[in-house]
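FYI, it's all coordinate maths here, none of it is from the lab. Nothing here was measured: the structure is a model prediction, and the numbers come from that model. Quick reminder, even Gly has a Cβ in these numbers, built from the backbone with ideal geometry, and neighbours come from all protein chains shown.
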Ligand SMILES: Cc1cc2nc3c(=O)[nH]c(=O)nc-3n(C[C@H](O)[C@H](O)[C@H](O)COP(=O)(O)OP(=O)(O)OC[C@H]3O[C@@H](n4cnc5c(N)ncnc54)[C@H](O)[C@@H]3O)c2cc1C
């Protein structure tokens, strides 16, 4: 088997890369170890930056998105029992965020690729990379019980944080930066309409909570919890009680709507980056190269920005043999990645409960929240990062 770009992973990064390459007339094969049904129903992120929506729209993936997605122009920071609106659009020349589940983006991408005759192999096993520092790297894998070797010019490692691509890079090449947080998020999906028109981020003495939404009928809500929290200890009643407590307002003007919970789970929060994001002919993109805590709603948007950059570099490479953009891929991405890392770390630090006994940190945190919600300059810093800074600004060095 031969192709131009061998892509490992059919998450947002791998699928979008394959789609963007196809539009440039570049062939790819996507290898995914899960089933199509599994990846199409894997619930994760749901906040799309305006730049992400524009890219999906400009490349023919906007139809269902624009029919079904919810556009938000602000969000609320709630602390000391009081809500404060951050006017995202008013502070950023009208930019917005769009609520559309990651699994919906994945469904649209798979439909587009298969509709265009794209080659996605689901349920492959034992994926292994070889020859990364040669001009003909290859990917070995098992599919339907048969072992295959896919020869390509370039390998794209889009296989997420636990994938094999990053691990295929020899020891000593990568530098890893890692920060784990002393808490996790207990996330639920509930069949109920939103309690608020916009996302509500709450800093409460019992811990952070987030009221988010996936559609007019389904809400996504989170509670700060222990990183190794046993979800079995959390009955639906206990989850609702805790959400009520953390989101209550002092004047009682907020009512949290309840509905049947149909999914719950615990995720750890982590910041992680490897540098460089490339080795020979292997290019890492998305969660394979970096993880952000979900507080800034950036993971999916970062993955999209990486593959946008990679597809441009590959178009140049296959079009004219010019390797400049490919060689600059990692540096350009990392400038953007670190901006987003800082924002996600900052939002996480501002909104969560840390050490119970650290009164100093608690007071500093309250002062910061008061500042962000009262100073136009500080609110603008939050808003422009949340809706997404222009990629060209972020990648310029
Ligand atoms: C549990 C969880 C919850 C999240 N919640 C949020 C959220 O609420 N908000 C937010 O902004 N972000 C969230 N994120 C982050 C966001 O979902 C990711 O940043 C995004 O999925 C990155 O896309 P990706 O394509 O790089 O990686 P992934 O989506 O992880 O895709 C990688 C793909 O590679 C496949 N794969 C892995 N190993 C192999 C292999 N050996 N061979 C072949 N295929 C392989 C995987 O099955 C997967 O399909 C969450 C992430 C996780 C893990």
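Using a Gaussian network model on the chain with a 10 Å cutoff between Cα atoms, which of 243, 282, 109 fluctuates the most?
Of 243, 282, 109, the most mobile in the Gaussian network model is 243.
Relative to the longest principal axis of the C-alpha atoms of the chain, give the angle of the C-alpha long axis of helix 236-247, reported between 0 and 90° and rounded to the nearest 10°.
70 degrees
What is the order of 298, 107, fewest Cβ neighbours within 10 Å to most? Don't jump to the answer; show the numbers that get you there.
Working: 298 26, 107 17.
Ordered from fewest to most neighbouring Cβ atoms within 10 Å, 298, 107 come out as 107, 298.
For a footprinting-style exposure proxy, rank 261, 7, 231 by other Cβ within 10 Å, fewest first.
Details: 261 18, 7 32, 231 13.
In order of increasing Cβ crowding within 10 Å: 231, 261, 7.
Quote the FRET efficiency, to the nearest 0.05, computed for residue 43 versus residue 355 with a Förster distance R0 of 35 Å and r equal to the Cβ-Cβ distance.
Details: r = 31 Å, r/R0 = 0.89.
Efficiency, rounded to the nearest 0.05: 0.65.
Please report, to one decimal in angstroms, the Kirkwood hydrodynamic radius of the chain built from all distinct Cα-Cα pairs. Walk me through the numbers before you get to the answer.
Values: mean 1/r = 0.0456 Å⁻¹.
Radius from the Kirkwood sum: 21.9 Å.
Run lengths n ≥ 4 of DSSP H only: what is the helix-derived mean residue ellipticity at 222 nm for the chain, with -39500 (n - 2.57) per run over all residues, to the nearest 500? Before the final figure, lay out each step's value.
Details: 13 runs with 142 residues, N = 397.
It lands at -11000 deg cm²/dmol.
Taking the Cβ-Cβ separation of residue 206 and residue 2 as r and a Förster radius of 41 Å, what is the calculated FRET efficiency to the nearest 0.05? Mind showing how you got there, number by number?
Numbers: r = 57 Å, r/R0 = 1.40.
It comes to 0.10.
Among 215, 375, which comes first, then next, by fewest other beta-carbon atoms within 10 Å? Present the calculation step by step, with values, prior to reporting the outcome.
On the way: 215 18, 375 11.
Least crowded to most crowded, the residues run 375, 215.
Sketch the reach of a paramagnetic label on residue 27 as a point 7 Å from Cα along Cα-to-Cβ, and name the residues of segment 1-15 whose backbone nitrogen lies under 14 Å away.
1-7
What's the extension gain from residue 236 to residue 161 if we count 0.36 nm per residue and subtract their Cα-Cα distance?
Values: separation 75, 0.36 × 75 = 27.00 nm, distance 3.00 nm.
My answer for the length gained is 24.0 nm.
Rounded to the nearest 0.05, what FRET efficiency do residue 143 and residue 70 give with R0 = 35 Å and r taken as the Cβ-Cβ distance? Could you check?
0.35
Quick check: Cα centre of segment 221-264 to Cα centre of segment 133-209, how many Å?
26 Å
Could you give the length gained on full extension between residue 85 and residue 262, defined as 0.36 nm per residue of separation minus the Cα-Cα distance, in nm? Walk me through the intermediate numbers first.
Working: separation 177, 0.36 × 177 = 63.72 nm, distance 2.96 nm.
Stretched fully, the residue 85-residue 262 segment lengthens by 60.8 nm.
Multiplying the sequence separation of residue 363 and residue 327 by 0.36 nm and subtracting their Cα-Cα distance, what value in nm do you get?
Working: separation 36, 0.36 × 36 = 12.96 nm, distance 4.60 nm.
8.4 nm is the gain from fully extending residue 363 to residue 327.
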